[in-house]
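**Student:** Take this structure first; my questions come after.
Please treat every number below as a calculation from the coordinates, not as lab data. None of these values were measured; they are calculated from a predicted model. For neighbour counting, all protein chains shown are included, and Cβ atoms are generated from backbone atoms with ideal geometry for every residue, glycine included.
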Amino acid sequence: MPRRLILWLPVVTLMAAIFAVSSMSSPPSPPGVSDKSLHWITYLALAVLTARALADGRWTAVTLRLAAAAWLIATLYGATDEWHQRFTPERHADWYDLAADALGAAAGAGAAWAWGIIKRFGGRPARRPRPHP
């Protein structure tokens, strides 16, 4: 299976799962977990997976620009999800849900960017000064 497909498959799978849940009139929800928390966590994961796919699986390639692209993709998908819910019986589009999507995506993209920085610079051993003869 091509590497690119392997990297994008989790992104597309999560997007399909979001679409499927959005198509339900009364989607399941874990007890004690708020709707906004579910949106935040889901879009955090979507942004992380998208950043990984955009970086071709190399965390060291996750730059600020790439993280911003991952945030934009996840947030735009959140907007399309809210629009989709307008056509689902007993559901409606909610600006607060979209805000939770965007904030979760920002946290995920920021985490991916930070991990990229750590992977680029955090793993190098410290240079020891050479002794003078």
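**Student:** Subtracting the Cα-Cα distance from 0.36 nm times the residue separation, let me have the gained length for Leu72 to Arg86 in nm, one decimal.
**Tutor:** Values: separation 14, 0.36 × 14 = 5.04 nm, distance 2.16 nm.
Length gained between Leu72 and Arg86: 2.9 nm.
**Student:** By counting other Cβ atoms within 10 Å of each Cβ, how are Leu76, Leu14 ranked from fewest to most?
**Tutor:** Starting with the residue having the fewest Cβ neighbours, the order is Leu76, Leu14.
**Student:** Treating the angle as unsigned and between 0 and 90°, give the value, to the nearest 10°, between the Cα long axis of helix 95-117 and the longest Cα principal axis of the chain.
**Tutor:** Long axis of 95-117 versus the principal axis of the chain: about 20 degrees.
**Student:** Counting only helical runs of four or more DSSP H residues, what would the 222 nm mean residue ellipticity of the chain come to if each run contributes -39,500 (n - 2.57) and the total is spread over all its residues?
**Tutor:** Result for the chain, helices only: -22000 deg cm²/dmol.
**Student:** Once the Cα gyration tensor of segment 80-125 is found, what semi-axes does its equivalent ellipsoid get, as square roots of 5 times the eigenvalues, in whole Å, sorted largest first? Please report the intermediate quantities before stating the final value.
**Tutor:** On the way: eigenvalues 279, 14, 6 Å².
Each semi-axis is √(5λ); the values are 37, 8, 5 Å.
**Student:** Rounded, prolate or oblate: which fits segment 1-41, taking a ≥ b ≥ c as square roots of the Cα gyration tensor eigenvalues, rounded meaning a/c under 1.5, else prolate when a/b beats b/c? Don't skip to the end; give the middle numbers.
**Tutor:** Numbers: a/c = 3.93, a/b = 2.21, b/c = 1.78.
In terms of gyration-tensor shape, prolate.
**Student:** When all alpha-carbon pairs of segment 1-73 are counted, what percent fall beyond 13 Å?
**Tutor:** Details: 1804 of 2628 pairs.
Within segment 1-73, distances greater than 13 Å cover 69 percent of Cα pairs.
**Student:** Okay, moving on. One-quarter of the Cα convex hull surface for the chain, in nm²?
**Tutor:** 11.7 nm²
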